[in-house]
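Read through the structure below, which is laid out as structure tokens, and then see the notes.
The values are calculated or read from the model by the stated rules, or taken from the named source; none is laboratory data. This is a predicted model, so every value here is computed, not measured. Ideal geometry is used to build each Cβ from the backbone, glycine not excepted, and the neighbour counts take in all protein chains shown. With ligands, DNA and RNA removed, areas are computed over all heavy atoms of the protein, side chains included. Shrake-Rupley method; radii C 1.70, N 1.55, O 1.52, S 1.80 Å.
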Amino acid sequence: QKEVEQDPGPLSVPEGAIVSLNCTYSNSAFQYFMWYRQYSRKGPELLMYTYSSGNKEDGRFTAQVDKSSKYISLFIRDSQPSDSATYLCAMTSSGGSYIPTFGRGTSLIVHP
Amino acid sequence: EAGVTQFPSHSVIEKGQTVTLRCDPISGHDNLYWYRRVMGKEIKFLLHFVKESKQDESGMPNNRFLAERTGGTYSTLKVQPAELEDSGVYFCASSQGGRGDTQYFGPGTRLTVL
């Protein structure tokens with residue numbers, strides 16, 4: 001079983017839709033949860049960062065962590081064609097390695 | 001401020017040849033990381049430099065891979081001899097501090113071994 005599972009997609013939605021991207025994980029030691037956005041031919045760019053459980057909002061983006069279910073989500077409201085990219089979840093533990101464990105990434109396509 | 005740069009952007013070599021990838025971190029970033037993404041798989045950690053010292057090289061797959069960071073500035077990753085399974089995208093990232101600091105990624109070098 002992989003430590004972090006993420007559906008690669010692609011996920012295709014119309015402009016303006018609410019997008020839900022998700023990851024599950026198996027390592028209960030993970031405490032820091034990150035979402036990266038990667039455009040084609042570019043490197044991953046940190047989008048949001050959450051510690052432990054709860055929600056965090058930044059503009060149209062909301063990150064949600066449910067540690068009891070080992071499940072994290074990224075919601076994008078009013079999606080735009082410019083949001084089309086690959087979204088990768090990543091996580092690290094608090095006491096162990098600070099090196100992130102990545103999911104495979106979900107390819108998102110927002111069509112006009 | 002310039003971001004992390006990597007050279008070349010794409011390299012195609014034959015099995016058995018040698019390839020050297022270069023990474024220039026953001027100026028002033030002491031921490032430099034190498035990652036690799038094999039097609040269809042996750043991004044995997046290779047190693048971490050703090051200045052010119054290797055802090056963690058637990059992700060290096062075997063002794064065909066050699067990373068250096070002379071003078072604590074740019075870093076090189078040499079693969080010698082290259083094998084087919086080495087194909088993938090090699091990312092470099094840098095951060096100012098270590099644990100917990102945001103890592104800024106370069107665009108990657110796409111390596112194809114034929």
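Scanning segment B:52-71 for residues that are outside any loop (DSSP other than H, G, I, E, B) and open to solvent by 20 Å² or more (accessible area, probe 1.4 Å) yields B:Ser53, B:Lys54, B:Gln55, B:Asp56, B:Leu66, B:Glu68, B:Thr70, B:Gly71. For A:Arg41, the test of being closer than 18 Å to A:Asp78 by Cβ, without any contact (Cβ under 8 Å) to a residue 40 or more places away in the chain and among the charged types (D, E, K, R) is failed. Residues in segment B:11-37 that are among the charged types (D, E, K, R) and either farther than 15 Å from B:Glu85 by Cα or surrounded by fewer than 20 Cβ atoms within 10 Å (Cβ to Cβ) (or both): B:Glu14, B:Lys15, B:Arg22, B:Asp24, B:Asp30. Among the residues of segment A:31-44, which ones are within 7 Å of chain B (Cβ to nearest Cβ) and of a type in the set (D, E, K, R)? Of everything in segment A:31-44, those that are within 7 Å of chain B (Cβ to nearest Cβ) and of a type in the set (D, E, K, R) turn out to be A:Arg41, A:Lys42. Being open to solvent by 40 Å² or more (accessible area, probe 1.4 Å), under 21 Å from A:Val65 (Cα atoms), touching a residue at least 60 places away in the same chain (Cβ under 8 Å) and within 13 Å of chain B (Cβ to nearest Cβ) is a property that does not hold for A:Tyr25. For B:Thr70, the conditions (1) closer than 22 Å to A:Tyr98 by Cα; (2) more than 9 Å from every other protein chain (Cβ to nearest Cβ); (3) not aromatic (Phe, Trp, Tyr) are fulfilled apart from (1). When A:Ser53, A:Ser68, A:Ser73, A:Ser20 are checked against the criterion of being under 15 Å from A:Gln6 (Cβ atoms), in contact with a Ser or Thr (Cβ under 9 Å, 6 or more places away or on another chain) and open to solvent by 40 Å² or more (accessible area, probe 1.4 Å), a single residue qualifies: A:Ser20. Among the residues of segment B:73-93, those identified as away from chain A (no Cβ under 11 Å) and either under 14 Å from the mean Cα position of the chain (by Cα) or of a type in the set (D, E, K, R) (or both) are B:Thr73, B:Tyr74, B:Ser75, B:Thr76, B:Leu77, B:Lys78, B:Val79, B:Glu83, B:Glu85, B:Asp86, B:Ser87, B:Gly88. Residues in segment B:72-114 that are among the polar types (S, T, N, Q) and either in a strand (DSSP E or B) or closer than 12 Å to B:Leu32 by Cα (or both): B:Thr73, B:Ser75, B:Thr76, B:Ser94, B:Ser95, B:Gln96, B:Thr102, B:Gln103, B:Thr109, B:Thr112.
Name every residue in segment B:94-114 that is open to solvent by less than 30 Å² (accessible area, probe 1.4 Å), out of contact with any Cys (no Cβ under 7 Å at 6 or more places or on another chain) and within 14 Å of chain A (Cβ to nearest Cβ), in order of residue number.
B:Ser94, B:Ser95, B:Gly97, B:Gly98, B:Gln103, B:Phe105, B:Gly108, B:Thr109
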